[in-house]
Structure formats: structure tokens, C-alpha cells
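Undergrad: Structure below; questions to follow.
Computed from the coordinates by the stated procedures, all read-outs in this text should not be read as laboratory data. Just so you know, these numbers come straight off a predicted model, no measurement behind them. Glycine also receives a Cβ, built like all others from the backbone with ideal geometry; neighbour counts cover every protein chain displayed.
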Amino acid sequence: MAKGRNRKGFDELNAHIAKVRKLSNLPRAAEPALRRAVEADARTTAASGKGPDGKSFRRSLDGRAVLKNAAKAITVTVSSAVILITITGRHARHHLGIVRGSGPRDSRARRIIPTNEIPAKTTKAMERAATGEFRRVMS
């Protein structure tokens, strides 16, 4: 009896419940947006000649800029709860510090992608991507 009088209210409630149930698929639905956000951030940072910590790459011995094309060597893949950022070719050797030169390997390394913590800038990009997907699902 109450359902007949409140038909519109029950319909709105059922529609909202259906949206909330779709949230269980949100992590998988957000994967493409997260991948694009992380990849864009990593490539932008590398293209600007900086590492994930925001510090500029150490210049060559003769003062030239290095790793000009590092952004092209970055790829990002997402699989469930894992975001994997990889770098290939000679840029990977520079990232790891496996290059000619003197001193410890860490002093020769030019970090291109994050290795320990996720940079705050990348975290914000991921948050924007996930929030956008959440709003899309809930609209």
C-alpha cells in the first residue's frame, strides 16, 4: 500500500542502489583512466628533464642536457591493483646507474620513473582520474 503512494521515491531509491552496486566494478573501470593519468604524468616529468622527485637530471660531463627522449621509453600498464611503470633501452641503464663513469652506481643514476614512493603530483593525477570515473558511474 505504501509503495503505491511513494512509487517515485522507491524508483529513485532503486536507481541509487543500482548505481552503488556498480561501484564494485569501479577499480576495473578506472584502470584505463588511471593508466593514462600516470603515463601522462611520468612522460611530462621526464620530457621536462626532471626525475620523479622534481630534481633536474644531472647534466653530462660537458654540460649538455641528457635523456632528451626518455619520455618515449616510458610505458604504463595496469592490472587489477598494480600499476607498473617501465622504462626501456638505454634510458633504463641510466635510470639504474649502469653507465660508464666513476663513483657509486647511485651517484651515476638518473632516476626517470618512481622507485620508492609515488610522487605527490602523480597521486593527485591518479585521484583526479579515479574521481572522474566515480562521478561518471554515479551520474
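Undergrad: By average Cβ neighbour count within 10 Å, what is the ranking of 50-60, 17-27 from highest down? Before the final figure, lay out each step's value.
TA: Working: 50-60: 14.4, 17-27: 11.0.
Ranked from most to least packed, the peptides come out as 50-60, 17-27.
Undergrad: I'd like to know which of GLY9, ILE87, ILE118 lies farthest towards the positive end of the charge dipole of the chain, counting +1 on Cβ of Lys and Arg and -1 on Cβ of Asp and Glu.
TA: Of the candidates, ILE87 comes out farthest on the positive side.
Undergrad: Okay, next question. Counting only other residues whose beta carbon sits under 14 Å from that of ASN25, what net charge do I get with K and R as +1, D and E as -1? Write down the numbers at each step before the final one.
TA: Details: positive: LYS19, ARG21, LYS22, ARG28, ARG136; negative: GLU31, GLU133.
That works out to +3.
Undergrad: Around ARG36, under 13 Å between beta carbons, what's the net of Lys plus Arg minus Asp minus Glu among the other residues?
TA: Numbers: positive: ARG35, ARG43, ARG128; negative: GLU31, GLU39, ASP41, GLU133.
The answer is -1.
Undergrad: Next question. Would you please give the FRET efficiency between ARG21 and ALA81, computed as 1/(1 + (r/R0)^6) with r the Cβ-Cβ distance and R0 = 25 Å, to the nearest 0.05? Working shown, then result.
TA: On the way: r = 20 Å, r/R0 = 0.82.
Efficiency, from the Cβ-Cβ distance: 0.75.
Undergrad: Between (1) 1.56; (2) 1.12; (3) 1.08, which entry matches Cα Rg over 2.2 N^0.38 Å as derived from the coordinates of this structure?
TA: So the structure-derived entry is (1).
Undergrad: Could you give the size of the charge dipole of the chain about its Cα centre, using +1 on the Cβ of each K and R and -1 on the Cβ of each D and E, expressed in debye and rounded to the nearest 20? Don't skip to the end; give the middle numbers.
TA: Numbers: 30 positive and 11 negative charges, 49 e Å.
About 240 debye.
Undergrad: Can you tell me how much longer the chain between ARG64 and THR88 gets when fully stretched, taken as 0.36 nm per residue apart minus their C-alpha distance, in nm with one decimal?
TA: Details: separation 24, 0.36 × 24 = 8.64 nm, distance 2.19 nm.
Result for the pair: 6.5 nm of gain on full extension.
Undergrad: Follow-up. Order by neighbour count: ASP106, ASP62, fewest other Cβ atoms within 10 Å first, most last.
TA: On the way: ASP106 9, ASP62 5.
Ascending Cβ contact count within 10 Å gives the list ASP62, ASP106.
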